[in-house]
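Quick notes on the structure that follows.
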Amino acid sequence: MKNALQCPSLFRAYEKHFRVGAAINGRMPADPAYRELICRHFNSITADNQMKPMFVMDRDATLARGDLSHAAVSFRSVDSLLSFANENGIAVRYHTLAWHNQTPRWFFAKDWSDAENAEPASRDVMLARLENYILDVMNHVNTCFPGLVYTWDVVNEAIEPDQGGPGLYRTRSPWYRTCGEDFLPAAFRAARKGQAPGQTLCYNDYNAFQPVKRDAILALLKKLQAENLVDTMGMQGHYVMDWMNVSLCEEAARAYAALGLKLQVTELDIHCNSDDEEHRLKLAQLYGDYFAMLKKLSAEGIGIEAVTFWGVTDADSWLTGFRRETSYPLLFTRDKQAKDAYDAVMKAAE
C-alpha cells in the first residue's frame, strides 16, 4: 500500500468525465492530514450530517419568532463546511433539504411542540413550512457563497415500494402523513424558486438499481418532469460486496438517463467485512468494474455530474456502526493508505 497523500489525484484522473467527491464531517477540515487528503483527491464534497434539517433548524429561535408557518434556521454548521470548500476551490453538493429522517419532530407539530404525541400541523401549514425552510436555506447559501453549490438534494428517500407495491411512497414518513404525495412536488417547486443559475435539482434514493424500486422511482421522476421540476437522479451507491451487481447498476443508470436526466452516484461505498487479501482483491475488482462502467456511460454522452464516496477513509465510514461489524468499504485505509481498490479505480480511468 502507498501513502494516499503521495498518490496521483483521483479527481484529476476523471475530470473529463465527472467530479469525484466525498462526504466529510465537521472535524475533518481542522485536521491537517484530512484537509490535505480531501484537497488532493476530491473536487466535490458533501456533508455527512451538517446540512440535514436537524442541524439547521433552531427550535428556540422558532418559538421566539412566533410564526407557526416559518421555522428559524441557524447556519453555523453549514457555513463552516462551505467556508472550507470555498477557501480550497472545492464544489459542494447540498445534502439534503427534505427528508423523513433527521428532521426534528417539533417541525411537524401544530405548535412547534416537542412532545412525542403532539398534534400534527395541518397540511397547508406544513407545505408553507417546507417552502419557507427550503427558500431560507437556498437564499442564504446562494447569497453568502455564490457559485459554490452545484446541486441540491431536494428530496431524499421518499419511495419505498416494499411497503405495499410499486410506486408506493414511504407512508410512515411524517411528510407523507401530514402532506400526502403533495410534499414531493411542493419541495421541488420551492427549490426551483431558490436555485441559482447552473445549479441542478436532484432526487436522491438508495437501492435505486433494484428493478422494483427503480421502476417506482422512474414513475415519480416522470411526474416531476411533467412540471419541469427535476434535473438529476441521485443513485445512492451503498452496496454490499456479496450482492453488488454492476450490470443492474448500469441498466438503472441508463433508464434514468433515458428520461433526459443527469446522473450522480451520491453515497458510494461497498461493505466489506474483512481486509484479508481475498477481500481486498474482490473489493478492487468491484470498484474497477464500477468505475469502468461509469466512464463508459460518460464517454457515450450520458451526463454524469459526480461520483461521491460516503466517507474519506475506512475510519470515517458509517457502515461499521450500521452493520455492527468492522467494514472496509472505501479506497483508503484507516491510516490513510491507498488500497488495491484505489489502484483499480485509477486503472479504470486510463
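Key figures for this structure:
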{"quantity": "Among the candidates Asp79, Asp31, residue that is free of Cβ contacts under 8 Å to residues at least 12 places away in the same chain, surrounded by fewer than 19 Cβ atoms within 10 Å (Cβ to Cβ) and out of contact with any Phe, Trp or Tyr (no Cβ under 7 Å at 6 or more places or on another chain)", "calculated": "Asp31"}
{"quantity": "Subset of the range 101-148 [surrounded by 20 or more Cβ atoms within 10 Å (Cβ to Cβ) and closer than 21 Å to Arg192 by Cα]", "calculated": "Met126, Leu127, Arg129, Leu130, Tyr133, Ile134, Val137, Met138, Val141"}
{"quantity": "Test: residue in the range 259-276 that is farther than 23 Å from Arg35 by Cβ and in a helix (DSSP H, G or I)", "calculated": "no"}
{"quantity": "Search result, residues across the range 318-350 that are small (Gly, Ala, Ser) and either under 16 Å from Ile45 (Cβ atoms) or in contact with a helix residue (DSSP H, G or I) (Cβ under 9 Å, 6 or more places away or on another chain) (or both)", "calculated": "Ser327, Ala338, Ala341, Ala344, Ala348, Ala349"}
{"quantity": "Exclusive hit being out of contact with any Phe, Trp or Tyr (no Cβ under 9 Å at 6 or more places or on another chain), surrounded by 17 or more Cβ atoms within 10 Å (Cβ to Cβ) and at pLDDT 95 or above, set Ala85, Ala13, Ala98, Ala64", "calculated": "Ala13"}
{"quantity": "Residue under evaluation Asp316, criteria (1) at pLDDT 95 or above; (2) farther than 19 Å from Val230 by Cα; (3) within 18 Å of the chain's Cα centre (by Cα), criterion not met", "calculated": "(1)"}
{"quantity": "Residue check for Lys262: touching a residue at least 60 places away in the same chain (Cβ under 8 Å) and out of contact with any Pro (no Cβ under 9 Å at 6 or more places or on another chain)", "calculated": "yes"}
{"quantity": "Strands (runs of 3 or more DSSP E) lying entirely in the range 163-242 (those with 1 or more residues that are of a type in the set (Gly, Ala, Ser) and in contact (Cβ under 8 Å) with a residue 60 or more places away in the chain)", "calculated": "232-235"}
{"quantity": "Some residue of the range 235-256 being closer than 30 Å to Asp124 by Cα and among the hydrophobic types (A, V, I, L, M, F, W, C)", "calculated": "no"}
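The values are calculated or read from the model by the stated rules, or taken from the named source; none is laboratory data. Note that the structure is a prediction, hence the values are computed from the model and not measured. All Cβ positions, even for glycine, are placed from backbone atoms using ideal geometry, and neighbour counts span all protein chains on display.
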